[in-house]
1. Conditions first: (1) of a type in the set (S, T, Y); (2) under 21 Å from the mean Cα position of the chain (by Cα); (3) at pLDDT below 90; (4) within 30 Å of E227 (Cβ to Cβ). S46 passes all but one, so which condition is the exception?
2. When segment 58-117 is examined, which residues are found to be over 22 Å from K211 (Cα atoms) and of a type in the set (S, T, N, Q)?
3. Picking from G32, G59, which residue would you name as being out of contact with any Gly (no Cβ under 9 Å at 6 or more places or on another chain), in contact (Cβ under 8 Å) with a residue 60 or more places away in the chain and over 24 Å from G177 (Cα atoms)?
4. Would it be correct to say that L199 is under 17 Å from E36 (Cβ atoms) and free of Cβ contacts under 8 Å to residues at least 12 places away in the same chain?
5. Can you tell me which of (1) modelled with pLDDT under 95; (2) within 21 Å of the chain's Cα centre (by Cα) is the one T26 doesn't meet?
6. Look through segment 73-94, keep the residues that are touching a strand residue (DSSP E or B) at 6+ places or on another chain (Cβ under 7 Å) and part of a loop (DSSP other than H, G, I, E, B), and return whichever of them is nearest to D106 (Cα to Cα).
7. Within segment 178-195, is even one residue surrounded by fewer than 17 Cβ atoms within 10 Å (Cβ to Cβ), touching a residue at least 40 places away in the same chain (Cβ under 8 Å) and not hydrophobic (A, V, I, L, M, F, W, C)?
8. Is it the case that some residue within segment 129-141 is surrounded by fewer than 15 Cβ atoms within 10 Å (Cβ to Cβ) and either in contact with a Gly (Cβ under 9 Å, 6 or more places away or on another chain) or farther than 23 Å from S94 by Cβ (or both)?
Amino acid sequence: MRIKSFLVAGAVVAALAATPVSAQETNLVYYGFQLEEFEHRVGDESEELLVWNGDTFVGTDELKLRLLSEGEYDTNERKFETLENRLVLQMPVSDFFDVKAGVRADTPKGKSRLYGVLGLTGLAKQWIEVDADLFGSDKGDASARLDAEYELLLTNRITLTPSADLNVAFSDDRKMGVGSGFSSAEVGLRLSYDILDRLLSPYVGVVWERKFGETADFAREEGEDVEAWFFAIGMKVLF
């Protein structure tokens, strides 16, 4: 399963890289960096977390390379709760959606996992931003994730952004504390103020996290909470 997962991911990446791009498009190389979330969270049990979710990219309209990173660092315990990095190739498949494929590395709490990644990202109906991924680990475990958010423009500068992050596992991975089934969810609501043409947007918000099913059982066995509320203050950065 380990070899098969990475052969499949490698084949998809190779296929994307082999996609022909015209000479004119090849010359139009873009790059950028953004932090969708860079925030300090204070929980209902006095937890304090430094949280980030961002990516950087380089490429053309037809093919780009993206490095995505997200994580949670417990400033009280001085340890990572989660830490994930993905390196993917991405290309358009329609006017509003791109397909992506690559690899993912997780190293939270001293444990590590490697995954092959295949996903879809873009704008769904009603201008909802959607990011859906399927993961196959080096241990043969499969999982999926759906991220969705919507930016509600209240004024030219003030934006209300509801978001949801849902995770499903198709098998147990006890070492990583993940059980099969609907494993976890994170729902947030952030109010931001855009300055410098949206290059910099400070915000405040609330976040709810919850583990479910066997994942919640594993957390209880480790003496961890399965549900938490957080107040968040942070900054969006776009370059």
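1. Looking at each condition in turn, S46 falls short on (2).
2. T60, Q90, S94
3. G32
4. Numbers: under 17 Å from E36 (Cβ atoms): yes; free of Cβ contacts under 8 Å to residues at least 12 places away in the same chain: no.
Judged against the criteria, L199 is not a match.
5. In the conditions (1) modelled with pLDDT under 95; (2) within 21 Å of the chain's Cα centre (by Cα), T26 misses (2) alone.
6. Within segment 73-94, the match that is nearest to D106 (Cα to Cα) is T75.
7. For segment 178-195, residues surrounded by fewer than 17 Cβ atoms within 10 Å (Cβ to Cβ), touching a residue at least 40 places away in the same chain (Cβ under 8 Å) and not hydrophobic (A, V, I, L, M, F, W, C): absent.
8. Yes, the conditions are met somewhere in segment 129-141.
The values are calculated or read from the model by the stated rules, or taken from the named source; none is laboratory data. Since this is a predicted model, take the numbers as computed values, not measurements. Note that each Cβ is placed from the backbone with ideal geometry, even for glycine, and that neighbours are counted across all protein chains shown.
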